[in-house]
Amino acid sequence: MEVNEYLDVFIEESKEHIQSLNDHLLELEKNPENIEIVNEIFRSAHTLKGMSATMGYQDLADLTHNMENVLDAVRNHKLTLNADIVDIIFNAVDALESMIIDIIDGGEGKNDVTALINKLNAIGNGKQSPSNASSQSESSTSESGNIQAELDQFELTVLQQSKEKGFKNYQVTVQLQESCLLKAARVYMIFEIFEQIGEVIKSTPTVTELEDENFEFDFTVILVTQDTTDAVEQKVMKVSEIEKVTVTELDIEQNIGEGEVESQSDSEEENDVAEETNGEKTKSKQQITSKTIRVNIDRLDALMNLFEELVTDRGRLEQIADTLGNTDLQETVERVTRISGDLQNIILNMRMVPIDQVFNRFPRMVRQLTKELNKNVDLQIVGAETELDRTVIDEIGDPLVHLIRNALDHGIETPEVRKANGKNEKGTLKLSAYHSGNHVFIEISDDGAGINRDKIINKAVSKGLTTKEQANSFTDQQAYQLIMESGFSTADKISDISGRGVGLDVVKNTIESLGGSISIDSTLHEGSTFLIKLPLTLSIISVMLTEVQEETYAIPLSSIIETAIVHKKEIMSAHNKQVIDFRGKVVPLVSLKQVFNVPGEEREEDYYSIVIIRQGDKMSGLIVDSFIGQQEVVLKSLGNYLTDIFAISGATILGDGQISLIVDTNALIK
C-alpha cells in the first residue's frame, strides 16, 4: 500500500487522538471510578494503534498496544487506578506526541519506548494476552453478545411477529480487519447488503456511532431476513477488509413471556410502524454526509491574496465612478461593493479558528507545573469557542504560555501560605476569551498574591529603568507595566519555570506586533489580571486616510478615539512638548510631518487637524494636514529590506494606484 497519500490524514487524526487522550486522562484523574472515560481513552488508543500499524510506525503501535492492555484491565475491573498509573499513562501519551511531531518534521516516528513498555507491562501484571488484537476482539464480542438483553419490548414484539410470518431473526457480528482505514465506508457497504436481504432491527454500537467511526473494529446487528446463516455470511464477506462474520439465530421465546404478545392486528400495525421507522433510519443514514472538509491552508491564503487584489480594484472602481458621475456605473459599483463585502466576510470566517486550539494544551501544562511547584490549582477555561484569524492563533500560543507559567509561579501561593492567609488552599487560575466589536479579548486572572507595587518600583529604579521621582507619579497600571520591560524580574531565585527576566517583554512585543495591547490590573494579596486585546484579523483593516503635505498616511481605526480640529491658541507646552487638554486629560501632540521627515513648507494655518489615538491608558494626538476619510485597505508587508522603519507597520495600495504607508500607532505612543 502507498501510505504517502494517507500521511496528511494520519497526522491530523493522530493529533486529534492525542488531544483526546490528554483531555480524557485529565477527566479520569478527577473521576477515577468513571469507566466510561476509560472506554473513551481505550477507543482513542485502539484507533491510534491500528492507524500506526497500518502506516508502518511500529514504535507508536507497540506503545499504544501496551497502553491498551492496562486500560483494558482497568475497564474490566482487574486493575484499580491510582496516581502513579495515571502518571505513567501521561508519560506514554507524551512519548506518542513526540513521535508524531517527529513524523510531522519528516522523521520515521521512532523512539526508544522500552522503559515505558516495561512499566506498562508491570502494571498489567500479565493479566492480558500478548496479542491484544485477539483479546480486544473477544472483549468486544462478549460486550456485543449482550445486544439481545438490550432489546426493548417493542423490538422484541417486532421480532416475535417476524418469526410468526416465517422470517428468521439473526444476531450478526462483523469484525473488520485492523488494517481497515475507512471503517465508515465498509459499514455503509455492509448495511447496503443488510437492506437488500432484510431489515436491521437494532445495531450496537448505534448507526450514528458507526458513521462517526466511534467504534473499534467490530459491531453487532439484529437482522430479520429469509436467508440462511451461510447465505448471510457469504454475502457480507464479499465486502473487502472484513476479518470474519458470525451469524447466530436468536431464540425470542426466552425473552417474551405469555400475555406480553399483543393482538395480531395491533402487532401487524406495530410491525408496519417498525418497518417504517427502520426505513427512515436507513434513509437518514444514507443521507447523512460530512458537512465539513479539510482544506489546505495554502489554498485559503491564495484565496485571501486574490480577494485582497479585488479590494484594491474595488477602491479604484469607486474612485472612477465618483469622478465620472455616471449613475449606472455608480449603481453597479455599489452592488459590486456589497457583494464583495459579503464575500469578504465569508473568506474571513473561513480563516477563523476556535481559540480552543490554543487553550486545549493548557490543562495538561497546568497539571504538570502544579506538581513541580507543589501547588493546588483549579484551572477554569471560559469562551474556548471564541474564534480568531488563523494567523493570530499561530502567534498567540507562546505569549499565553508565558503568562500562565508566570501566574502559577509568581501569582498563586503554595497551599500552606494560602491557608495561613485565610484563603482556600486550592488557587484559581481563570482563562477566558470573548468578542467585543472587531477585537478579541483574552483574560488571564488568578486569586494569588497580586503584584507588589513597591517591590517593582525599587527593582526598576535599581536597574535604571526609571527614576524614583518618575516612579512616584506613576499610576498603578503604569507601575505594573514595568514588569514587561526587557530583563526585568522580581523573582527571588531562578528556576526552570521563571525568574530569568525573559518572557514578559517577549509577550508584550509579540502582542503589539499583532496590532494588540496588554494591560495589567492587580490587588495585593487578592490576585492579578492580564488582559490581552487582539484584532480579529490582520489582513484587511479599516483605516482613516490622512494627508501630510502631498503624502497619504493610513491610521488604523482600532487605535483612534476621535478626530478633532484644534485652534493653535489651545495648544500648550509641557516638558518642552506640545500638549492639548482633551476632555480633562493632558494629551501630547506628535507631528507626522516631523516624525517621517515629510518634505515641504510648513503650512501657515490657524487650526490643526488632530487624530486622537490610544493604547491602553496612554493617549497621543497625531497632527496631520487634513482628513481624507475612512476606507478598508489591504495590509501589505514592506518586505525584509524595510523591516526596521520606525512607526510604520506596512503599506497599502489605494484606489488611484498610490502607495499609502500604515502608521504603527503603538510606536508613536511610546
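Yes or no, residue by residue, for (1) out of contact with any Gly (no Cβ under 6 Å at 6 or more places or on another chain); (2) surrounded by 18 or more Cβ atoms within 10 Å (Cβ to Cβ); (3) in a helix (DSSP H, G or I):
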residue	(1), (2), (3)
Arg335	yes, no, yes
Leu348	yes, no, yes
Val353	yes, no, no
Lys375	yes, yes, no
Leu379	yes, yes, no
Asp394	yes, no, yes
Leu408	yes, yes, yes
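For Lys49, only one of the following conditions fails: (1) more than 25 Å from the chain's Cα centre (by Cα); (2) closer than 17 Å to Ser98 by Cα. What is its number?
(1)
Any idea which of Leu369, Leu408, Leu379, Leu400 is in contact with a helix residue (DSSP H, G or I) (Cβ under 8 Å, 6 or more places away or on another chain), under 17 Å from His439 (Cβ atoms) and outside the structural domain of Glu309 (by TED's automatic domain parsing)?
Leu400
List every residue pair whose Cβ atoms sit under 6 Å apart, with the two residues 6 or more apart in sequence or on different chains, where the first one lies in region 97-119 and is in the same structural domain as Leu63 (by TED's automatic domain parsing) and the second, anywhere, is of a type in the set (D, E, K, R).
Gly109/Asp102; Lys110/Asp59; Asn111/Asp59; Val113/Asp59
When the residues of region 543-592 are filtered to those that are hydroxyl-bearing (Ser, Thr, Tyr) and modelled with pLDDT of 90 or more, which remaining residue is nearest to the chain's Cα centre (by Cα)?
Tyr553
Evaluate region 610-630: report whether one residue or more is under 16 Å from Gln549 (Cα atoms), surrounded by fewer than 17 Cβ atoms within 10 Å (Cβ to Cβ), among the hydroxyl-bearing types (Ser, Thr, Tyr) and in the same structural domain as Glu547 (by TED's automatic domain parsing).
So far as region 610-630 goes, yes, one or more of its residues are under 16 Å from Gln549 (Cα atoms), surrounded by fewer than 17 Cβ atoms within 10 Å (Cβ to Cβ), among the hydroxyl-bearing types (Ser, Thr, Tyr) and in the same structural domain as Glu547 (by TED's automatic domain parsing).
Pairs only if they're at least six apart or on different chains, beta carbon under 6 angstrom, first in region 600-613 and closer than 22 Å to Phe582 by Cβ, second among the polar types (S, T, N, Q) and assigned to a strand (DSSP E or B); list them, first residue then second.
Here the result reads Ser609/Ser626; Val611/Thr563; Ile613/Ser620, each pair linking region 600-613 to a residue that is among the polar types (S, T, N, Q) and assigned to a strand (DSSP E or B).
Quick one: which of Ile37, Ile89, Ile41, Ile85 is farther than 27 Å from Glu209 by Cα and assigned to a helix (DSSP H, G or I)?
Criteria check complete, one pass: Ile85.
Give me the residue from region 525-542 that is at pLDDT below 90 and over 21 Å from the mean Cα position of the chain (by Cα) and, out of that set, nearest to His402 (Cα to Cα).
Here the answer is His525.
How about region 330-351: which of its residues are free of Cβ contacts under 8 Å to residues at least 40 places away in the same chain and not polar (S, T, N, Q)?
Glu331, Val333, Glu334, Arg335, Val336, Arg338, Ile339, Gly341, Asp342, Leu343, Ile346 - these are the residues of region 330-351 that are free of Cβ contacts under 8 Å to residues at least 40 places away in the same chain and not polar (S, T, N, Q).
Could you identify the single residue in Ile18, Ile35, Ile41 that is crowded, with 22+ Cβ neighbours inside 10 Å and either at pLDDT below 85 or closer than 17 Å to Ile89 by Cα (or both)?
Ile41
Would you please name the residue that is nearest to Gly56 (Cα to Cα), looking only at residues in region 166-195 that are out of contact with any Asp or Glu (no Cβ under 9 Å at 6 or more places or on another chain) and free of Cβ contacts under 8 Å to residues at least 24 places away in the same chain?
Ala185
Taking the options Thr510, Thr475, Thr490, name whichever one is out of contact with any strand residue (DSSP E or B) (no Cβ under 7 Å at 6 or more places or on another chain), modelled with pLDDT under 80 and of a type in the set (Ser, Thr, Tyr).
Answer to the selection: Thr490.
Which residues, counting only those in region 421-479, are surrounded by fewer than 16 Cβ atoms within 10 Å (Cβ to Cβ) and basic (Lys, Arg)?
Correct list: Lys426, Lys455, Lys463, Lys468.
Residues are listed down the side, and each one gets a yes or a no for (1) aromatic (Phe, Trp, Tyr); (2) in contact with a helix residue (DSSP H, G or I) (Cβ under 6 Å, 6 or more places away or on another chain); (3) more than 19 Å from Glu108 (Cα to Cα):
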residue: Val9; (1), (2), (3): no, no, no
residue: Glu12; (1), (2), (3): no, no, no
residue: Glu33; (1), (2), (3): no, no, yes
residue: Phe42; (1), (2), (3): yes, yes, yes
residue: Gly50; (1), (2), (3): no, no, no
residue: Asn66; (1), (2), (3): no, yes, yes
residue: Asp72; (1), (2), (3): no, no, yes
residue: Asn76; (1), (2), (3): no, no, yes
residue: Ala92; (1), (2), (3): no, yes, no
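For region 175-220, name all the residues that are surrounded by 20 or more Cβ atoms within 10 Å (Cβ to Cβ), of a type in the set (Val, Ile, Thr) and not in a strand (DSSP E or B).
Matches in region 175-220: Val187, Ile190.
The values are calculated or read from the model by the stated rules, or taken from the named source; none is laboratory data. In this text the structure is predicted, and so the values were computed from the model without any measurement. As a convention, Cβ positions derive from the backbone with ideal geometry for all residues, glycine included, and neighbour counts pool all protein chains shown.
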